[in-house]
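Enquirer: I'd like to ask some things about the structure below.
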Amino acid sequence: MDPPGLYVHIPFCKTKCPYCDFYSITKLSLLDAWLEALSKEAAMYRHAFGVFDSLYLGGGTPSILDNRQMEKLIKTIRQYFTITQDAEVTIEINPDDITAEKLQCWRACGINRISVGVQSFNNDELVFLKRRHSATDAKRSIELVVSAGFENFGIDLMFGLPGQTEEILMRNLQNALIFEPKHLSCYQLTLEERTPYGRLKAEGRLVPPGENKEKRFFVLTSDYLKSKGFIHYEISNFAKTVQYESRHNKKYWQHTQYLGLGPAAHSFKDNRRWWNHRSVERYCKEIAKEKKPVDGFETLSDEQLRLERLFLGFRTKYGVAVDDVKDSPSFEQTLSRLKRKRILKVYGNRIIPTIKGFLIADKLPQMFF
Amino acid sequence: MKQIRNFSIIAHIDHGKSTLADRLIQYANLVDARQFRDQILDNMDIERERGITIKSQTVNLPYKSKKGDEFELNLIDTPGHVDFSYEVSRALASCEGVLLLVDASQGVEAQTLANLYAAMEHNLVIIPVINKIDLPSADIDRVKDEIEHELGLDAETALLCSAKEGTGIEDIFEAIVGRIPPPKGDIEKPLAALIFDAHYDSFRGTIVSCRVFDGRVRPGDTIRLMAMETSYKVEEVGCFRLKMEPKKELSAGEVGYLIAGIKTVSDTRIGDTITLDTKPASKPLAGFKEVKPVVFSSIYPIASDDYLSLSEALEKYKLNDAALVYQKDSSAALGQGFRCGFLGLLHLEIVQERLEREFDQSIIMTSPSVQYRFFLTDGRIVTVDNPAYYPDPTEIKKAEEPYIRASIMIPERYVGAVMKLCMERRGVNSRLNYPTAGRVEITFDMPLAEVIFDFYDRLKSITQGYGSFDYEIIDYRESDLVKLDILVNGERVDALSMIVHRERSRERAVKACDSLKEEIPRQQFKIAIQGAIGGKIISRSTITPYRKDVTAKCYGGDITRKRKLLEKQKKGKKRMRVVGSVEIPQSAFMAVLKTDTE
């Protein structure tokens, strides 16, 4: 069994991005109370997992923490949990939060992997996304990351914005590669219902580029990055080499155990998954009552685990084990049809999606029900 | 016998029959308030949801009148739908009187009239009851006027009640004991009891509901079912008081149940006469007839390996529903299944729902059909209720289809819209009748095939719920019929074929293609859907393939949600049939049945 991963959710943002559906609040006055509660939550789980080989600070906006808060957070974690020497320790950051001092503090804290939330190098797009930084800010912040000695850093980009052209997309990718990142996440903008932009879409006031364009953007991104030596290892993720693939995120995709601390965080161990209350207030309140802030849990049946392995597997280049699908009705026919259509490939005992497979990854599991 | 009253409540759907029945039961203190579930008589899920009574039930209510006399009242519940009119007639034959329930805001409707005529045929005492007087829209004077003029009853005798609020209930009890006569009959004569209902109990076998007209029956007696010509030994008799309460005997005038080792409901016939083997009645009670199915459809399991399970389910279902007939059927698209005959479309839907809910079957039903008659060039006459057996068109000399006489009651303002609907449905020979000011009764001769789809739904919608509808089958008439085929990617899906009138064929074909387009999920390739008569394509629609279907993010918090979605899809996939290489969901087969979506 692979070592577990540790996730900490920092549910605070200076401003809310209108497309984002991760849980976060802008009431920063709750930050210290949250940190206090988090420390108690960590204590509750101190013996629940083994030695962690990844720590991921996600959000929200983890870079919103000042150095004192960050040091306290890391100290708390190290106090209650054992993290291996060579652990992958990631922080998600916003370009406008980056200062040399913060970078120095993060290094001192043992953070060795940075994911910069650039989203776009196009100012019009950044305005549309209501990001707090400009393209120039983004570039300057990446330079700071590099000069602070963070060799393992990645850039987050978005595509499929209303009105986006292939030129804008290509320029975004080219701009990112100038800094020689080890990792790239390229997410198609998804207008989730419960976000402000999702509502605009429902009202017909925001129109996504449509399936045909989105398909072209996706393939273009993949082809271009692969031509530059990147591995397309998950639908939205690219790594320069295997060791730069996100160790932590792969735990989600491979059913490795993980502990999530903080509001709305999810944990998984054996065949159980549980998740914390979303609201920071509720989270703190439960912990104040010496209770785990768990909102819900599920115990997964073998079949549920298999279903998850299917849809998670078809999203990565590691694919799905033949054993997990071979009992499905007309398996041989389905597989040979999908192979013929170059949607899937078979390597040994794994069934691997091609780029065509990635494009319809959500449809693949049901072909093996 | 003097202290017995047998009665029934007749009403239009939604006029509050079940609620009133509940009140009467509550008033009789059969249940305490805590146990009381609304609409106790309707105990099948479907009945509760639809607010209609499918299988009739009976309940025995003790009542002490104002004068202090003790009575035993038997409330015989009746099904409230035209599909079950024969069952209604047998229940009414078991009564001496009826409460005719009229909604204080809706007034008299076509079904009320039909029910009233049925009650009059049996010479029953009719007590008009105006219900829902608590509604703000109640118009008691208007309803009284309608009772007087449309029903020809003395409105002065009408009782007022609100079953919902429980007002006027005692008056109803007093009227039942005061106005309805006690049953007649001779306890010394040979046994003659009328079967008006039967249901199946897995422990006791068939439980027969009957009304004893003459004689008596006790456990140990050997009875004979006169139409079936079978004999059984009686194990138990009794009356219904929500639970069955055994009694020593049932005698002339009484209503109750009888258990006699009768294996299935199909071993009995509603309307049959029970008599004693040793001392039989000289002739059966009048009015027996075999009910015949008028609507036909095939049932297939969604997964072909569920055929045996469906077969067992139908067998079990049939234990409790003598009206359903079925035989084996097979389809190129859907494999093995069953061709079934139903009393009407509601009956069909009930069978479908109960098979799915109570027997856990996932089924596909094909387009319902009536029985057509084809006169062939070689002189043969064939009856066809399944499009698969549509004869070679070159050999058809003449075709005929069954016609009904539809009776529709509406407020005057809807006359135009309803006439239009009936004409569209090939209605002919219309007659208008104005029973009272502002109300119109329209009768039309119409092909049965035109009403079995969604006529009633359409009528309801164009009359905003004020239209009511009743029909009887009258005869067969000559018709110009064609077989409409549906092709999916060039492949004929036999389960979607239907026999239609030539003039209606294009419209039906277009609608079928449109609704299939809505229901068949996009797949990796283009799907063409076509409607065809013979080799000629008359309608077409296309489903474009999907190009990209993948969510961008999938991290710790997204997994459960995604899996749940997948579980739903997986369930849905069980409800798909693959035709050629196209996955067709069950809902698509259903959507073709409902042709009017506007």
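What follows draws every value from the coordinates through simple rules; no lab data is involved. Worth saying up front: this structure is predicted, and the values here are computed from it rather than measured. Neighbour counts are summed over all protein chains in view; Cβ atoms, including those assigned to glycine, are modelled from backbone coordinates with ideal geometry.
Enquirer: Skipping prolines and chain starts, which residues have an amide H placed within reach, meaning under 5 Å, of the one on A:G59, given they are 5 or more residues away or on another chain?
Expert: Excluding prolines and chain starts, which carry no amide H, the hits are A:I10.
Enquirer: Helix B:140-149 versus the longest principal axis of chain B: what angle, 0 to 90°, nearest 10, using Cα atoms?
Expert: On a 0 to 90 degree scale, this one is about 90.
Enquirer: May I pose another question? Cut-off 10 angstrom, C-alpha nodes, Gaussian network model of chain A. Which of A:T316, A:T26, A:T61 fluctuates the most?
Expert: It is A:T26.
Enquirer: What aspartates and glutamates could a cross-link reach from A:K289, if we take a straight Cα to Cα line under 15 Å and drop same-chain neighbours fewer than 8 places away?
Expert: The qualifying aspartates and glutamates are A:E36, A:E41, A:E281.
Enquirer: Given a 10 angstrom Cα cut-off, can you work out which residue in A:D124, A:D324, A:D302 is the most mobile in a GNM of chain A?
Expert: Judging by the Gaussian network model, the answer is A:D302.
Enquirer: Next question, about the same structure. Any lysines with Cα under 22 Å of the A:K27 Cα? List them, leaving off those in the same chain fewer than 8 positions away.
Expert: A:K14, A:K16, A:K40, A:K72, A:K102, A:K130, A:K285
Enquirer: Can you give the charge dipole size of region A:259-333 about its Cα centre, rounded to the nearest 20 debye, using +1 on the beta carbon of Lys and Arg and -1 on the beta carbon of Asp and Glu?
Expert: Working: 14 positive and 13 negative charges, 100 e Å.
So the dipole magnitude of region A:259-333 works out to roughly 480 debye.
Enquirer: Could you give the distance between the Cα centres of region B:195-214 and region B:249-272, to the whole Å?
Expert: Region B:195-214 and region B:249-272 have Cα centres separated by 4 Å.
Enquirer: At 222 nm, what helix-only mean residue ellipticity would chain A give, in deg cm²/dmol to the nearest 500, using -39500 (n - 2.57) for each DSSP H run of four or more?
Expert: Details: 14 runs with 139 residues, N = 369.
Helix-only estimate at 222 nm: -11000 deg cm²/dmol.
Enquirer: Right, something else. Out of residues 5 or more away from B:K247 or on other chains, whose amide H comes under 5 Å of its own, with H placed 1.01 Å from N in the peptide plane?
Expert: Amide H neighbours of B:K247, under 5 Å, 5+ apart: B:V237, B:G238, B:C239.
Enquirer: By how many degrees, 0 to 90 and rounded to 10, does the Cα axis of helix B:415-424 deviate from the longest principal axis of chain B?
Expert: 50 degrees
Enquirer: Could you tell me which of the pairs A:K317/B:K573; B:K536/B:K573; A:K251/B:K568; B:K511/B:K573 are separated by over 30 angstrom between their Cα atoms in the structure shown? Could the numbers behind the result be given before it?
Expert: Numbers: A:K317/B:K573 26 Å; B:K536/B:K573 33 Å; A:K251/B:K568 25 Å; B:K511/B:K573 25 Å.
Over 30 Å Cα-Cα: B:K536/B:K573.
Enquirer: Which ordering of B:M226, A:M158 is given by a fewest-first count of other beta-carbon atoms within 10 Å? Each step should come with its number before you reach the end.
Expert: Details: B:M226 20, A:M158 24.
Going from sparsest to densest Cβ surroundings: B:M226, A:M158.
Enquirer: I need A:W34, A:W275 ordered by Cβ neighbour count within 10 Å, fewest first.
Expert: Numbers: A:W34 25, A:W275 21.
With the sparsest Cβ surroundings first, the list reads A:W275, A:W34.
Enquirer: Among A:193-203, B:516-526, how do they line up from the highest to the lowest mean number of other beta-carbon atoms within 10 Å? Mind dumping the intermediate values first?
Expert: Details: A:193-203: 14.5, B:516-526: 16.7.
The peptides rank, most packed first, as B:516-526, A:193-203.
Enquirer: Summing -39500 (n - 2.57) over the DSSP H runs of n ≥ 4 in chain B and dividing by its residue number, what mean residue ellipticity at 222 nm do you reach, to the nearest 500 deg cm²/dmol?
Expert: -7500 deg cm²/dmol
Enquirer: Right, next: Tilt of helix B:110-121 relative to the longest C-alpha principal axis of chain B, in degrees (0 to 90, nearest 10)?
Expert: That helix lies at roughly 40 degrees to the long axis.
Enquirer: Which loop-located trypsin sites (Lys or Arg not before Pro) does region B:280-326 contain, where loop means any DSSP state but H, G, I, E or B and the Cβ has at most 14 other Cβ atoms within 10 Å?
Expert: On the way: sites: B:K289, B:K316, B:K318; in loops: B:K289.
Filter output for region B:280-326: B:K289.
Enquirer: Around B:I474, which amide H atoms from residues at least 5 apart in sequence, or from another chain, sit under 5 Å from its own amide H, with H modelled in the peptide plane?
Expert: B:Y403, B:I404, B:R405
Enquirer: So if I take the centroid of the Cα atoms in region A:153-228 and the same for region B:281-350, what is the distance between those two points in Å?
Expert: The distance from the Cα centre of region A:153-228 to that of region B:281-350 comes to 56 Å.
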